[in-house]
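Q: Quick one: the structure is below, and I'll ask about it shortly.
The values are calculated or read from the model by the stated rules, or taken from the named source; none is laboratory data. Note that the structure is a prediction, hence the values are computed from the model and not measured. We place every Cβ from the backbone using ideal geometry, glycine too, and count neighbours over all the protein chains shown. SASA here: full protein model, heavy atoms, side chains in, ligands and nucleic acids out. Shrake-Rupley method; radii C 1.70, N 1.55, O 1.52, S 1.80 Å.
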Amino acid sequence: MNGDQPAKTGASGTVTFLLTDIEGSTRLLQDLGDRYVDLLADHNRILRDVFSRFGGRESGNEGDSLFFIFPSARSAVAAALEGQDRLAAQAWPAGAEVKVRMGLHTGEILSEEHGGVGIDLHRAARIGAAAHGGQVVMSQTTRELVGSDLPPEATLVELGSFQLKDLAHPQRLYQAVMPWMRTEFPPLRNVQTTPDNLPRVGSRFVGRERELELAVAVLSSMRLVTITG
């Protein structure tokens, strides 16, 4: 992360990462021209104000993305929900609609001196990238730590397990919602949603159905069968 380069604290340990990003920012820039500068400034001001009040520390920013670190999962979730509330209430120029996706994950920070490096930061970034504008998505780790200690009226919805880009294992994800928030979104962006024309095969044998039938038949009368290919 770069940009304004806020001061680093040098903290390490278990924290909750919150990454945000404006959906369709390029289109907004094209539509608004010079007025986009004021829109982005208001977006940054609103989220920085909300996140700092919940104990978040800004650890980086780039373009229309912000990266904050929170001391607890609950504070991060509460900050994300209030941030969405404030963004929805803002009067944007030319009636523009600003939709911000937010991703959260709780894990270990190796060194904030170097921008919060560590696999858990990358996991949070992938979760945020999979979300849609207006959506607050979190990992199972964050969800378990939050438990039932949610802001009033907030609920959590299980979205399922997703294989996100560059991550070795599927991630079980959850969505945080308030009564006023949109709840229906397109499927999360993940590597398994890319369409193709290949059949989903449940075994390593492809196009060898006849040979498999023959092998099974031979095994019924032979103790040992050798298959070469």
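Q: Please report, in Å, the Rg and the Dmax of region 13-68, where both are computed over Cα atoms only.
A: 12.7, 43
Q: With a Förster radius of 22 Å, plug the Cβ-Cβ distance of S52 and D85 into 1/(1 + (r/R0)^6) and report the FRET value to the nearest 0.05.
A: 0.85
Q: At 1.4 Å probe size, with the rest of the protein present, what percent of the exposed accessible area of region 28-67 is carbon and sulfur atoms?
A: 48 percent
Q: Residue by residue through region 127-143, what is 3J(HN,Hα) from phi via Karplus (6.51 cos²θ - 1.76 cosθ + 1.60, θ = phi - 60°)? Round to whole Hz and write x for glycine and proline.
A: Karplus values, whole Hz, x for Gly and Pro: 5, x, 5, 7, 7, 10, x, x, 9, 10, 10, 9, 7, 5, 4, 5, 4.
Q: Then there is this: Relative to a virtual label point 7 Å from the Cα of D34 in the Cα→beta-carbon direction, which members of region 89-111 show backbone nitrogen distances below 20 Å?
A: Backbone N within reach: 92-96.
Q: Taking the Cβ-Cβ separation of T183 and T14 as r and a Förster radius of 30 Å, what is the calculated FRET efficiency to the nearest 0.05?
A: Efficiency for this residue pair is about 0.50.
Q: Using a 1.4 Å probe, how large is the accessible area of M181, given in Å² and rounded to the nearest 10?
A: About 20 Å², rounded to the nearest 10.
Q: Can you give the FRET efficiency to the nearest 0.05 for V216 and L167, using r as the Cβ-Cβ distance and R₀ = 35 Å?
A: Rounded to the nearest 0.05, the efficiency is 0.40.
Q: Hey, another quick one. Please work out the average accessible area per residue across region 36-112, using the 1.4 Å probe convention, and give it in Å².
A: 36 Å²
Q: Same structure again: Using a 1.4 angstrom probe and counting only protein chains, how large is the accessible area of D38 in Å², to 10?
A: Result for D38: roughly 100 Å² accessible.
Q: Can you give the accessible area of K165 in Å² (nearest 10), computed on protein heavy atoms with a 1.4 Å probe?
A: 120 Å²
Q: Which sequence of E23, E211 reflects their accessible areas, 1.4 Å probe, from the largest down?
A: Reading off the accessible areas and sorting them downward yields E211, E23.
Q: Is region 41-166 rounded, prolate or oblate when judged by the Cα gyration tensor, a ≥ b ≥ c being the square roots of its eigenvalues, rounded requiring a/c under 1.5 and prolate requiring a/b larger than b/c?
A: Taking the square roots of the gyration eigenvalues as a ≥ b ≥ c, region 41-166 is rounded.
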